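As structure tokens, the structure follows; a few thoughts come after it.
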Amino acid sequence: MMPHVPFTDALVERLARARSVAVLTGAGISAESGIATFRDPGGIWERFRPEELANVRAFLRNPELVQAWYAHRRALVAEAEPNAGHLALAELETLIPDFTLITQNVDDLHRRAGSRNVVELHGNLTRSSCIDCRRPAAEADLRMLASGEPARCPDCGGYLRPDVVWFGEMLPVEALETAHEAARRADVFLSIGTSAVVYPAAEIPRLAREQGAYVAEVNVAPSAIAGDVDEVALGPAGTVLPRLAAAVRARR
Ligand code: NAD
Ligand code: ZN
């Protein structure tokens, strides 16, 4: 007997036949890796709100504070492992000719799970660069922070910042354009573990549907766009996605 699955046979069939698939993920896909939200219990960091740290003014006012917060977040992410949901998406990529994984996450877990065609809309926490000359920073450059001084660029002395999109900053134009193109040509679009309230990422599933894609949401609870999709598969991504990938594999 088939175990109960929260998705339709139509979704499996469409994925099995699809030439092009695009996926949008949000923080929910990393929840089962223990990276639920910005607001993880983190000692002194509970006293700060992300909005107060993740912006360029806060950074320029107090670079070592913001650098230390990101060092803390990098440590959490380094200790975490990709979960079954990340791994299932990496497997789906091997089954479908044209597959684009668009993520709002900065935790690098999709790449570590083996996904290759990843579009990072909000950057990546594991990379840093000079705020002035943009030179990529090495691990060793960031260690200056340990002495209580802000970590600086060895070339020009500018402060080093994480390569993430802060509040008030534009999304990388090229990544957004690549995401839009993938949404436009997708036969099937999956919106996974995102509340779909943060724009412009939240409009990508709608764009895909307007262009004819079958759109399915995977979430533990219906999101803001649940009324505008073809189906909602309720359940944790780490349970739903491996079953979906297995069903597609069996059909392809
Ligand atoms: P969000 O926190 O607004 O929404 C998370 C969604 O995931 C919710 O709809 C929730 O119902 C769902 N969810 C929770 N657990 C789930 C599970 N196990 N399986 C499936 N769904 C689950 O996150 P968002 O939509 O990504 O937007 C918030 C912003 O915060 C983003 O811009 C993102 O860049 C940033 N952020 C990133 C990370 C990360 O890199 N891991 C973590 C926190 C926040
Ligand atoms: Zn520099």
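Considering the range 197-217, the residues that are open to solvent by less than 10 Å² (accessible area, probe 1.4 Å) and touching a residue at least 40 places away in the same chain (Cβ under 8 Å) include one that is nearest to MET170 (Cα to Cα), namely ALA201.
Out of ALA80, ALA151, ALA75, ALA68, one residue alone is under 27 Å from ARG47 (Cα atoms), out of contact with any Cys (no Cβ under 9 Å at 6 or more places or on another chain) and within 16 Å of ligand 2 (Cβ to nearest atom). It is ALA151.
Residues ARG134, ARG127: which one is within 16 Å of ligand 2 (Cβ to nearest atom), open to solvent by 50 Å² or more (accessible area, probe 1.4 Å), of a type outside the set (S, T, N, Q) and part of a strand (DSSP E or B)? So that I can check it myself, show each step before the final result.
Working: ARG134 fails: part of a strand (DSSP E or B).
Residue meeting the stated conditions: ARG127.
For the range 154-194, give me each residue that is within 12 Å of ligand 1 (Cβ to nearest atom) and of a type in the set (Ser, Thr, Tyr). Those that are within 12 Å of ligand 1 (Cβ to nearest atom) and of a type in the set (Ser, Thr, Tyr): SER191, THR194.
Only one residue in ARG49, ARG17 is modelled with pLDDT of 95 or more and charged (D, E, K, R), so which one is that? Spell out the reasoning first.
Working: ARG49 fails: modelled with pLDDT of 95 or more.
Result of the check over ARG49, ARG17: ARG17.
Yes or no: TYR159 farther than 27 Å from ALA84 by Cβ and in contact with a strand residue (DSSP E or B) (Cβ under 7 Å, 6 or more places away or on another chain)?
Details: farther than 27 Å from ALA84 by Cβ: yes; in contact with a strand residue (DSSP E or B) (Cβ under 7 Å, 6 or more places away or on another chain): yes.
Yes: the conditions hold for TYR159.
For the range 1-118, list the helices (runs of 4 or more DSSP H) that sit wholly inside it and hold at least 1 residues that are exposed (fewer than 15 other Cβ atoms within 10 Å of the Cβ); which are they? Walk me through it before giving the result.
On the way: elements: 9-17, 28-31, 50-53, 56-61, 63-79, 84-95, 109-112.
The qualifying helices (runs of 4 or more DSSP H) are 9-17, 50-53, 56-61, 63-79, 84-95.
Residue-level check: of (1) within 17 Å of HIS72 (Cα to Cα); (2) touching a helix residue (DSSP H, G or I) at 6+ places or on another chain (Cβ under 8 Å); (3) open to solvent by 30 Å² or more (accessible area, probe 1.4 Å), ASP163 misses just (2).
The values are calculated or read from the model by the stated rules, or taken from the named source; none is laboratory data. Remember, it's a predicted structure, so these values are computed and weren't measured experimentally. Cβ coordinates were reconstructed from backbone atoms using ideal geometry, including for glycine residues, and neighbour counts include every protein chain displayed. Quick note on the areas: whole protein, heavy atoms, side chains included, nothing else; ligands and nucleic acids left out. Shrake-Rupley method; radii C 1.70, N 1.55, O 1.52, S 1.80 Å.
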